[in-house]
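See below for the structure under consideration.
The values are calculated or read from the model by the stated rules, or taken from the named source; none is laboratory data. Bear in mind the structure is a predicted one, so any value in this text is a computation, not a measurement. Virtual Cβ from ideal backbone geometry, glycine too; neighbours counted across all protein chains shown.
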Amino acid sequence: MWVKPFDVFQVYYANECNECIFLDVLYIQPAFIINVMLHLKDIEKSYPDGSNANDVLRGVNLSVAKREFVAVTGESGSGKTTLLSIIGTLIKPDKGVYLLDGELINSRTNIPELRNRKIGFVFQDHRLLPQYTLQQNILLPTIAAQKKATEEQVTYAGFLMNIVGIASLANHFPATVSGGEASRAALCRALVMKPVLLLADEPSGQLDSRNARNTIALLKKMNTELGTTILMVSHSKESVAEAERVLTLKDGLLS
């Protein structure tokens, strides 16, 4: 049986004027597509700084395997949040190629739909909406493209709440629960759409040491039990120690 040696991607990039600019041709082995969740090639990002440009990312290369738990550390201002924002499709890189779960993100048009379906976010603060119960907050991503959550989604939300130990708080409002409990609800919200990739931005940054340890332990549990690929950025040496692989972002490059 003949097996094609490569999947061929013609890479285009839409600039600020929505002009499609041809960048490159990638020859990717099918086995790579099957096993790798996230692939970045020569990612660059800069911001204007007066008459100069502040080059935050200077050619970042990164591959994350499916079901892997990877942490990125670095000094404040090193570009960790910028990198996470690009991976989360919240901002576009100036240059470079981004593959997520076999899809070329550079030329993807309906980015919000892909983001809601494939990427979960855990932020430094829980960002729960105070007017909704914990269960309602957890189910918010499910109504991005439909009027209400399906019965299956409600059941899965309950399953997640049970895993993290907040099932009894489903009908409580954020103001009535502890910071650790709110963080666990935020983790459930990030996972309710069964994303292929979970991005965690300093997930334990605003928690006390006990709740910080619990949050990282839950991330590890979700990675192990649900098989969710996780990319986390953190200053905390204790937090990143739980990852399978730790990278450092310095001078715009990962090492």
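For the reader, a short list of remarks on this structure follows.
- Scanning the range 206-232 for residues that are among the aliphatic types (A, V, I, L, M), in contact with a strand residue (DSSP E or B) (Cβ under 8 Å, 6 or more places away or on another chain) and surrounded by fewer than 20 Cβ atoms within 10 Å (Cβ to Cβ) returns no hits.
- The listed residue being hydroxyl-bearing (Ser, Thr, Tyr), within 20 Å of the chain's Cα centre (by Cα) and modelled with pLDDT of 90 or more, out of THR142, THR155: THR142
- Elements of type helices (runs of 4 or more DSSP H) in the range 60-162, at least 1 residues being touching a strand residue (DSSP E or B) at 6+ places or on another chain (Cβ under 6 Å), charged (D, E, K, R) and surrounded by 14 or more Cβ atoms within 10 Å (Cβ to Cβ): 80-87
- Pair list, Cβ under 9 Å, 6 or more apart: the range 216-243 residue under 15 Å from LEU191 (Cα atoms) and charged (D, E, K, R), other residue in a loop (DSSP other than H, G, I, E, B) and at pLDDT 90 or above: LYS220/ALA243
- Hits in the range 233-244 - residues which are surrounded by 13 or more Cβ atoms within 10 Å (Cβ to Cβ) and not in a loop (DSSP other than H, G, I, E, B): VAL233, SER239, VAL240
- Within the range 198-232, tally of residues that are part of a strand (DSSP E or B) and touching a His at 6+ places or on another chain (Cβ under 8 Å): 0
- Any chance ASP94 is modelled with pLDDT under 90 and of a type in the set (Asp, Glu): no
- Unique residue being among the aliphatic types (A, V, I, L, M) and within 16 Å of the chain's Cα centre (by Cα) when the list is ALA186, ALA170: ALA186
- The range 245-255, residues that are out of contact with any helix residue (DSSP H, G or I) (no Cβ under 6 Å at 6 or more places or on another chain) and either touching a residue at least 12 places away in the same chain (Cβ under 8 Å) or buried (at least 20 other Cβ atoms within 10 Å of the Cβ) (or both): ARG245, LEU247, THR248, LYS250, ASP251, GLY252, LEU253, LEU254
- Residue tally, condition outside any helix (DSSP H, G or I) and under 20 Å from ARG210 (Cα atoms), over the range 163-196: 4
- Residues satisfying the criterion are present in the range 197-207 (criterion: more than 13 Å from the chain's Cα centre (by Cα) and of a type outside the set (Gly, Ala, Ser)).
- When the range 164-175 is filtered for residues that are loosely packed, with under 13 Cβ neighbours inside 10 Å and over 13 Å from GLN135 (Cβ atoms), only ALA175 remains.
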